[in-house]
Structure formats: structure tokens, C-alpha cells
1. Somewhere in segment 74-93, is a residue of a type in the set (A, V, I, L, M) and more than 13 Å from Met51 (Cα to Cα)?
2. Give me the pairs: first residue in segment 82-99 and of a type in the set (Lys, Arg), second residue at pLDDT 95 or above, beta-carbon distance under 6 Å, and six or more apart or on different chains, which are they?
3. Filter segment 73-110 for residues that are of a type in the set (Val, Ile, Thr), within 20 Å of Gly46 (Cα to Cα) and in contact with a Lys or Arg (Cβ under 9 Å, 6 or more places away or on another chain) and give the result.
4. Residue by residue through segment 78-117, note down the ones that are of a type in the set (Phe, Trp, Tyr) and either in contact with a helix residue (DSSP H, G or I) (Cβ under 8 Å, 6 or more places away or on another chain) or at pLDDT below 95 (or both).
5. Can you name the residue in segment 63-79 that is under 10 Å from the mean Cα position of the chain (by Cα) and closer than 13 Å to Asn93 by Cβ and, of all such residues, is surrounded by the fewest Cβ atoms within 10 Å (Cβ to Cβ)?
6. Considering only segment 72-99, state which residues are more than 14 Å from Asn119 (Cβ to Cβ) and either small (Gly, Ala, Ser) or not in a loop (DSSP other than H, G, I, E, B) (or both).
7. For segment 112-129, which residues satisfy the criterion of being more than 15 Å from Arg63 (Cα to Cα) and hydrophobic (A, V, I, L, M, F, W, C)?
8. Specify which of the listed residues (Glu34, Glu53, Glu58, Glu47) is modelled with pLDDT of 95 or more, surrounded by fewer than 16 Cβ atoms within 10 Å (Cβ to Cβ) and not β-branched (Val, Ile, Thr).
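The values are calculated or read from the model by the stated rules, or taken from the named source; none is laboratory data. Everything numeric in this text was worked out from a predicted model, so none of it was measured. Every residue, glycine as well, gets a Cβ built from its backbone with ideal geometry; the counts of neighbours run over all protein chains shown.
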Amino acid sequence: MRRAIISAVGAIVFLMGCDEAEELAGEDETEVAEVAPFDEVSGRGGECATMYEHWHFEGEAKRVEAGAYVSFIGNLWNDVVSSVKVRSGCVLNVFEHADFAGAQNSFQGSVPFVGEWWNDKISAYTCDC
């Protein structure tokens, strides 16, 4: 819901030609900055994987750095991930709950849908290359 509102505000600002888009975006600007596409060929920036909001790599994307050890994915991404792309030679380990609790699973390669059970359940992760 929050992302939809932010997107709608962005569209209105664009249509109005407002020069104060950054001011209207407020603190969410930094949240957008962490979202980046995954470059499977170069793996630039030490990227290990990219997690996507929707299946088939659609919607918002969250870049995961190699060596990531994240005990809580954050409020915007908690229980949101539906597909992942993992760089060749890397493994994305995901956990059902914060602090690496609950069920655990590992993903490699392109995974257009994480499965019914894992869909919208990821709360923590590590990524190793």
C-alpha cells in the first residue's frame, strides 16, 4: 500500500512538472536507492542476488550484496518476496522469521517463483558466493 501511494505521488509530481519531487519523496528516497536491477553477466558491485516483489522478477527489486548477513529484511520487504535471481556460484539462504528463525531454504540461479510455501514469507537472509 505504501509503495502504491509513493508511486502515485511520483506520477502526479511528474505530470505536474514539479521541481520539488525530492522534497515530496522525503525519507523514501533512500529506500528507492537500495533498489537495483541484477546484472547476471558482470555481477557488478559484489551483488549476490536480487529479490523481487512479484513472481517472474516483476515489481520492486532488492539487491543483495555478497556476504550479506541480514537478521531482518526490513518493514518494506518483510513477507514480500516472490522470486529471486542468484548470481552463478552464489547461494541465497532465506529464513521464515527475523533473527534467522523458523524454516530455512536455499536458492540458486533464476527462480521465477519461490513456491507456494515460501511466497511472501521471507524475513531474514544470508548470501554467500
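1. The first filter runs over segment 74-93 and keeps only residues of a type in the set (A, V, I, L, M), leaving 76, 80-81, 84, 86, 91-92.
Then keep just the ones that are more than 13 Å from Met51 (Cα to Cα); that gives none.
No, the conditions are met nowhere in segment 74-93.
2. Taking only residues 6 or more apart or on different chains, the pairs are Lys85/Thr50; Lys85/Ser110; Arg87/Cys48.
3. Ile73, Val94
4. Narrowing segment 78-117 to residues of a type in the set (Phe, Trp, Tyr): 95, 100, 107, 113, 117.
Phe113, the sole residue that qualifies.
5. Checking each candidate, the answer is Ile73.
6. Pass one, segment 72-99, residues more than 14 Å from Asn119 (Cβ to Cβ): 72-76, 85-93, 95, 97-99.
Scanning segment 72-99 gives Gly74, Lys85, Val86, Ser88, Gly89, Val91, Leu92, Asn93, Phe95, His97, Ala98, Asp99.
7. Those that are more than 15 Å from Arg63 (Cα to Cα) and hydrophobic (A, V, I, L, M, F, W, C): Phe113, Val114, Trp117, Trp118.
8. Of Glu34, Glu53, Glu58, Glu47, the one residue that is modelled with pLDDT of 95 or more, surrounded by fewer than 16 Cβ atoms within 10 Å (Cβ to Cβ) and not β-branched (Val, Ile, Thr) is Glu58.
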